[in-house]
2 protein chains.
Amino acid sequence: MAKARTVPACGCPVAAFQKLISGKYKLRIVWDLKDGPRRYGEIRTGLLRGMPGSAEIAPRVLSRELKALTESGLIDRKDFGVVPPKVEYRLTRKGRTFVPVVAAIKDWGTRHLAEARAPEMVAAE
Amino acid sequence: MAKARTVPACGCPVAAFQKLISGKYKLRIVWDLKDGPRRYGEIRTGLLRGMPGSAEIAPRVLSRELKALTESGLIDRKDFGVVPPKVEYRLTRKGRTFVPVVAAIKDWGTRHLAEARAPEMVAAE
DNA sequence: CAGCATCCTGCGTGATACTG
DNA sequence: CAGTATCACGCAGGATGCTG
């Protein structure tokens, strides 16, 4: 079984949460998916938005996070089994309950540590 | 300059949040401090509670997380400058605004991924 | 298009010992 | 008591190339 690195396997919900979203993109993936299903490439492109210049996402990394989220039961993977390949990811019911939490996080972040962002953007998004 | 490992330095509030709480104990420290100031040793002991058996917290680790939280402006360090040493940590105003977010996280965790916890405990805490 | 296989590296974390 | 110093390790994450 997967031994948690960042967080102990105690009963603490906070620790469990941290384990669940450990990783660079998990929270943002969930957030991207809140508006509906998205394909692998769309998620990838979406995550690129807002990243510094020449940054690229290693497919291995994104793939792993998606798989982890799937195994956590937050998202669902639908493989259309066609060529060229088409795969859609979308939030499960559990995943949807998670959205408000992410919203709270996002909201707090926007209010308290968005020094790098222009005020107008804060209001907009 | 400290290049973020776990999270990119983009304007995304979610990413900023992740960077802020990256680390094993940060969220739990904030949560522990919500009820008032605590000393170094008290935090340490409190975090031990709920951890698997023989686990110990390396002082270096705890020290680093506390320093990081201090530099993030979430907590405040008060050194009494006495012997034997006495240091108290407590939430700043900003840190206090963060508590509801942690509460939301904790609440969600309790509801959706607390399979390891007894139902009574869920209701209690 | 949506990944998997492989190699590599940096940082978070742990353990132990020491100090003001 | 509240840390710092030092050493060591494992895993997340990046880069590149290949495949069904």
Which number in (1) within 22 Å of A:Lys106 (Cα to Cα); (2) within 13 Å of DNA strand C (Cβ to nearest atom); (3) buried (at least 21 other Cβ atoms within 10 Å of the Cβ); (4) free of Cβ contacts under 8 Å to residues at least 40 places away in the same chain marks the one condition that B:Leu20 misses? (4)
Scanning the range A:10-68 for residues that are under 14 Å from the mean Cα position of the chain (by Cα) and acidic (Asp, Glu) gives A:Asp32, A:Asp35, A:Glu42, A:Glu65
For the range A:90-110, does any single residue satisfy the condition of being within 12 Å of DNA strand D (Cβ to nearest atom), assigned to a strand (DSSP E or B) and not basic (Lys, Arg)? no
It is to be established whether one or more residues within the range B:32-44 are within 9 Å of chain A (Cβ to nearest Cβ) and either within 14 Å of DNA strand D (Cβ to nearest atom) or of a type in the set (Gly, Ala, Ser) (or both). no
Failed condition for A:Met51, given (1) within 14 Å of chain B (Cβ to nearest Cβ); (2) within 15 Å of DNA strand C (Cβ to nearest atom); (3) not charged (D, E, K, R), with all others met? (2)
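None of the figures in this text is laboratory data; all of them are computed from the coordinates on show. Since the structure is predicted, the reported quantities are computational estimates derived from the model, not experimental observations. Cβ coordinates were reconstructed from backbone atoms using ideal geometry, including for glycine residues, and neighbour counts include every protein chain displayed.
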